[in-house]
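> I have a structure here, written as structure tokens, and I will follow up with some questions on it.
Just so you know, all these numbers are worked out from the coordinates, no wet-lab data involved. Here the structure is a predicted model, which means the values were calculated and not measured. Every residue, glycine as well, gets a Cβ built from its backbone with ideal geometry; the counts of neighbours run over all protein chains shown.
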Amino acid sequence: MKLLKEKILSEGKALNENILKVDGFINHLVDPALMAKIGEEFGTYFANQGITKIVTVESSGIAPALMTAHAMNLPMIILKKEPSKTLNQNLYQTVVTSYTKGISYELTMSQNYISPDDHVLIIDDFLANGETATGAIRLIRKAHATIAGLGVLIEKSFQPGREKLEKQGIPIYALVRISKLAENVIEFLSEENE
Ligand code: G4P
């Protein structure tokens, strides 16, 4: 997606070989007009596939997932990273370890909001090691729902996430694919759809 690529080049910053800072438009300060266009892009790409719900993981996935849900006129489920006082019964749970952040958490979803009839699209900001998405997939499968695919804003193609998910048969649409990061260097994989 040309618009997102331009935004990354103008406002993103590669901190090192692993981390792209995007907090000025994606995960701290959020650009709603950009998110609306991202939602439309995912909505068009995943149209006519019988999708019934959008699923994301708190917190940075929420903005693009909500705009996708809005564009597709579907409800959105936010997977929680810990159970709350009001969310303590009838739960699906699975432990996820984030390599980037070096932490583990218990990904949690109420059994009330998903059923075997659901066909789900997962939306998230980054695809890095694929652990977050793999955890989301485990939860959705525990509910015997099916998965239409994964839409991510930014894929770090030099990390193993895509390979891990493709092995599980998950279709992936990444709006931007990054082939290399280094301090103040951002390189993209060339894409046909630009
Ligand atoms: P995964 O998401 O593919 O499983 O990879 P990993 O476990 O390594 O990373 C998980 C967390 O790190 C995610 O945030 C993801 O958004 C974030 N992350 C990964 N690579 C980058 C990067 O290059 N830049 C930035 N800014 N973040 C990155 P999270 O734990 O889900 O937290 P949240 O931000 O959604 O609350």
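> Using Cα springs under 10 Å in a Gaussian network model of the chain, which residue among Ser104, Ser179, Ser60 shows the largest mean-square fluctuation?
Result for the chain, Cα springs under 10 Å: Ser104 fluctuates most.
> Turning to a different aspect of this structure: What do you get for trypsin sites (Lys or Arg not before Pro) in region 99-178 restricted to DSSP loop and a cutoff of at most 13 other Cβ within 10 Å of the site's Cβ?
Those satisfying the criteria are Lys101.
> Another question about this same structure. At what distance in angstrom do the alpha carbon centres of region 51-78 and region 81-140 lie from each other?
Rounded to whole Å, the Cα centres lie 13 Å apart.
> Would you mind classifying region 77-154 by shape? Square roots of the alpha carbon gyration tensor eigenvalues, ordered a ≥ b ≥ c; an a/c under 1.5 is rounded, otherwise it is prolate if a/b is larger than b/c and oblate if not.
Oblate shape, in that a/c is at least 1.5 and b/c is the bigger or equal ratio.
> Could I ask something else about it? Identify the chymotrypsin sites (Phe, Trp or Tyr not before Pro) of region 90-179 meeting these criteria: DSSP loop state and at most 16 other C-beta atoms within 10 Å of the C-beta.
Tyr99, Phe158
> Between Gly149, Gly102, Gly135, which gets the highest mean-square fluctuation from a Gaussian network model of the chain, Cα cutoff 10 Å?
Result for the chain, Cα springs under 10 Å: Gly102 fluctuates most.
> If you don't mind, another one. Want the number for Gln89 to Lys21: 0.36 nm per residue separation, take away the alpha-carbon distance, what's left?
20.8 nm
> Would you work out if the chain is rounded, prolate or oblate? Take a ≥ b ≥ c from the square roots of the eigenvalues of the alpha-carbon gyration tensor; rounded if a/c is under 1.5, else prolate when a/b is larger than b/c, oblate otherwise.
prolate
> Note down the magnitude of the dipole of region 19-176 about its Cα centre, charges +1 on Lys and Arg C-beta and -1 on Asp and Glu C-beta and zero elsewhere, to the nearest 20 debye.
Roughly 340 debye, rounded to the nearest 20.
> Would you kindly state how much longer the chain becomes between Arg141 and Tyr113 on full extension, computed as 0.36 nm times their sequence separation minus their alpha carbon distance, in nm to one decimal?
Gain in length upon complete extension: 8.7 nm.
> Taking the dipole about the Cα centre of the chain, with the C-beta of Lys and Arg at +1 and of Asp and Glu at -1, give me whichever of Val30, Ala47, Ile78 is farthest to the positive side.
It is Ile78, whose Cα lies furthest towards the positive end.
> Tell me, what is the percent relative contact order of the chain, built from C-alpha pairs under 8 Å that lie six or more residues apart?
So the answer I get is 21 percent.
> Something else now. Can you compute the modelled spin-label distance between Tyr99 and Glu6, with each label point 7 Å from Cα toward Cβ, in nm?
That separation, rounded to one decimal, is 3.4 nm.
> Per-residue ellipticity at 222 nm for the chain, helices alone: DSSP H runs ≥ 4 residues times -39500 (n - 2.57), over residue total, nearest 500 deg cm²/dmol?
The helix contribution divided over the chain gives -8500 deg cm²/dmol.
> Of Ser59, Thr108, Tyr173, which is farthest towards the positive pole of the chain's charge dipole, taken about the Cα centre with +1 and -1 on the beta-carbons of Lys, Arg and Asp, Glu respectively?
Thr108
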